[in-house]
Amino acid sequence: MSTVPPPFSGPPGGVPRLELTGITKRYPSVVANDGVNLRVRPGEIHAVLGENGAGKSTLMKIIYGAVQADAGQIQWNGREVVIANPSEARRLGIGMVFQHFSLFETLTVVENIALALDEPFDLKALAARVKEVSTRYGLPLDPGRLVYSLSVGERQRVEIVRCLLQEPRLLILDEPTSVLTPQAVQKLFETLRRLASEGVSILYISHKLHEIQSLCHGATVMRGGKVTGTATPARETPASLARMMIGRELPVCEIPAYTGEAVPVLTVKGLSHTPDDPFGTSLKDISLEVHRGEIVGIAGISGNGQAELLATLSGESTGPAGTVSLAGQPIGHLDAGKRRKCGLTFVPEERLGRGAVPPMSLADNATLTAHAQGLVKKGFLRPKAAWAFAKTCIERFDVRCGGPGAAARSLSGGNLQKFIVGREIMQNPIAMVVAQPTWGVDVGAAAFLRQTLIDLSRTGVAILVVSEELEELFEICDRIAVLAEGRLSEAVPKADTNAEKIGMQMSGLFRNTDATEAAHAAA
Amino acid sequence: MPLLEPRPAPSAPMRLLSPLIAIGLTLLVGSLLFMSLGKDPLEAFRVFFIQPLSSGNGWSELMVKAGPLILIAQGLAIGFRARIYNIGAEGQLIMGALAGGGVAVALDGVDAWWVLPLMVVAGAIGGALWGAVPALLKTRFNAEETLTTLMLAYVATFTLSYMVNGPWRDPEGMNFPQSIMFGDPALFAPWFEGMRVNASILIAAAASAAFWVFTSRSFLAYQLTVGGLAPAAARYAGFSAKGTVWVSLILSGLTAGIAGVGEVAGPVGQLNLNISPGYGFAAIIVAYLGRLNAIGIVLAGLLMALLYLGGEAAQVALQLPAAITGLFQGMLLFFLLGSDVFVDYRLRPRPKPVFA
């Protein structure tokens, strides 16, 4: 992780590959880009750094032709261009790998790639090219494999190879490492460095400071739609980059020790479960104990049984009574409402549509799960009580919104998450399960949420956190387990493990498939 | 082709105005229709909308028709809020009428105050049971309720036909497919001499008040609404999805069943093949026209009743075909759905590809 990129050796005075001047994009309620300047030289890996909502995605969409700027100029290799749509961007030599993949699971790798091509193709010749390109850049892929059988990292390779086939001169990657193990991240970085050495410019969007420091030659930092600075990441510190990104110091969590007795509260024993979804992941013999006063983290990449495990814990899917118990009482057969009555609350990954009803007010959304807190009496709603509950929640958990009457969908991701977490905490649980607590949340709100969870656990609540962000787990958890291919490793104290070991466990179970696939690709 | 894209924030006032826009467009197209038929539109509208209300009897008839429409629509709206689409209220109405009518046939000659209440209860149970069948099919076999409720409506029609052609046929009815005329104890007594309006509209009024309280205040209705707006949130909260199906279909069956009794124990006075002029289907339009809101449904029910009356008047006064009522109902629903689309979506011209 600590390898520092070699200083950029491109011609300093040369014509930039891409130069944006005064790019402005207004939406009805927000100015997404406000006079943005950006310059990328040939062969440069350039980071675009910023929090959620800083305007990075809009800017990339403008470069890729998916969105038109209201004002400003785009110069490509020194010539002014208008990029009307993505196919024109591809024709210029701009490729983009999106954060969320758009692959058809029931088609093969080469069929998926063929679908995205603008020109006519011959599947056989294309398969050969796919194999050639993927080997050249160290991205082993079997063109004949069906996509549903690929791991998330392999799917990302399909997307990258798809771009590389068009021989781009500028490659845009949007948060590419959020789905990768630490080892896979290193492999991806090697590929990107290799591309850069061949003269391909790379725009790398991320909010992970250490990645940018180890990979990128230059960086443009955005905040609130504006450029707040440019930097050479290798010469900065994470703290100085964070200051540019969020405008103040990076908040740090305080972690007091738990002094009470460590009694098991949430217990999972021999849980196996086959989901209804044919592309879901079966859970295999999962056992886990979360004690009073501790936070246990489950690391792993989504799609390895996370959704299935969370649903069986929350009660959204039920099973044999004894597989899940709460304070010694079997609850595996109970639905989510009954488990909540026993003292188990849950914060789901999807906030809108699952954790909250989008068009309903916060007061009405309080009633969704907190109805037992006096918000319903004899079968009738008590709107005043719900309003008061939502108001308390808003004040106590610093939810920035238009008040209890604001519709859930009008809140930003971070504020809605604070409301949902607050609502679940205000039900005085003895155990709480939280999925992706800070996913898509800005740095300030994320720090608040983490501290809130730590403080809650120290009052004697057992907390289980499922997250893809390894750093987050290391920051707030007492013990960490890994979920891979539906199997859960033993939870070990975080002092006894590290990112390297966790990464091995995340990918360890994939190793066999990777080996056979490499053999395929070499054949 | 322009693109239809979702509006970032659909306007709440427009959602309420949308039924009025639909009514306006219906009237506009209606006048074009009258003109093309060679009728003076103004005269036609006078016949359609003013004339029926120019007499006491007209108001009485308005109530007679609005009663069942409102009653059924109140029940349907509960399910529609939960996205449970019962479109077979007509069948539940018929089964309610059969159950209530069966009581009247069996107790013919019994002169007691409880005959009529017993019929109402029997009708409610009959309609509710007929609604429970698709609920069972949905919860047990995941059978789509839009199909099963509609198919069961046909089954109900044929059951009615069998009963009035067979076991319950009036022995002195000249072989017409109809039951005996019910006795006074089995009928809602008309309030005024020569008019048909009777106490059954009080049931619709009471039901409207009850549904207003139910939808705006009860936790059960809240759960149904959540189930309709965000099924994943309902599951997350632990609200029973199956419970939603049962409550929705049984409640709407129940109100349709009572409406069926109101017909056979009111204007019709017996069981025959013409106990409903499609109230069960028209009530679907009423529910949506009233924005699934208890008060809105009362207003929409009155309007729909007026369309029935106006259609009859137009047949008599303007020699227009009977299909005119259905045509107006259809236009109203069409324009309402169309207006609703533009509340939630807007047209955006497709961007032209520009080559550098």
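Nothing in this text is a laboratory measurement; each read-out follows from the coordinates by a stated rule. As the structure is a computational prediction, the values presented were derived from the model and not from experiment. Quick reminder, even Gly has a Cβ in these numbers, built from the backbone with ideal geometry, and neighbours come from all protein chains shown.
Structure values in brief
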item	result
Inter-chain Cβ neighbour average for residues A:365-373, partner chain, 10 Å	3
The range A:35-45 - phi-based ³J(HN,Hα) in whole Hz, Karplus 6.51/-1.76/1.60, Gly and Pro as x	x, 7, 10, 8, 9, 10, 8, x, x, 9, 9
Helix runs (DSSP H) in chain B reaching 27 Å along axis by Cα, Kyte-Doolittle at least -1.0	B:12-36, B:56-81, B:115-141, B:145-165, B:241-264, B:294-318, B:323-344
Average partner coverage of B:235-245, which counts Cβ from other chains inside 10 Å	6
Fluctuation leader among B:31, B:276, B:208 - chain B, Gaussian network, Cα springs under 10 angstrom	B:31
Kirkwood Rh, Cα atoms: Rg over Rh of the protein assembly as shown	1.05
Taking B:36, A:57 and counting other C-beta atoms within 10 Å, the order from fewest to most	B:36, A:57
Longest DSSP-loop-exposure-free segment, GluC sites (Glu not before Pro), chain B, at most 13 other Cβ within 10 Å	B:194-356
Debye intensity ratio I(q)/I(0), log10, the range A:103-167, q values 0.13, 0.18, 0.21 Å⁻¹ (C-alpha model)	-0.27, -0.54, -0.75
Listed pairs A:208/A:418; A:338/A:378; A:377/B:242; A:269/A:418; A:341/A:391 exceeding 26 Å between Cα atoms	A:269/A:418
Residues A:210, A:371, sorted so that the one with the fewest Cβ neighbours within 10 Å comes first	A:210, A:371
Candidates B:171, B:134, B:52, ranked by Gaussian network fluctuation over chain B, Cα under 10 Å, top entry	B:171
17 Å Cα-Cα reach of residue A:25 towards aspartates and glutamates, excluding residues that sit fewer than 8 places from it in its own chain	A:34, A:70
The range A:101-149: GluC sites (Glu not before Pro) falling in loop per DSSP and having at most 15 other Cβ within 10 Å	A:105
Distance in nm between pseudo-label sites at residue B:345 and residue A:135 (7 Å out along the Cβ direction from Cα)	4.9 nm
Principal axis box of the range A:113-241, alpha-carbon based, largest edge first, Å	51, 29, 28
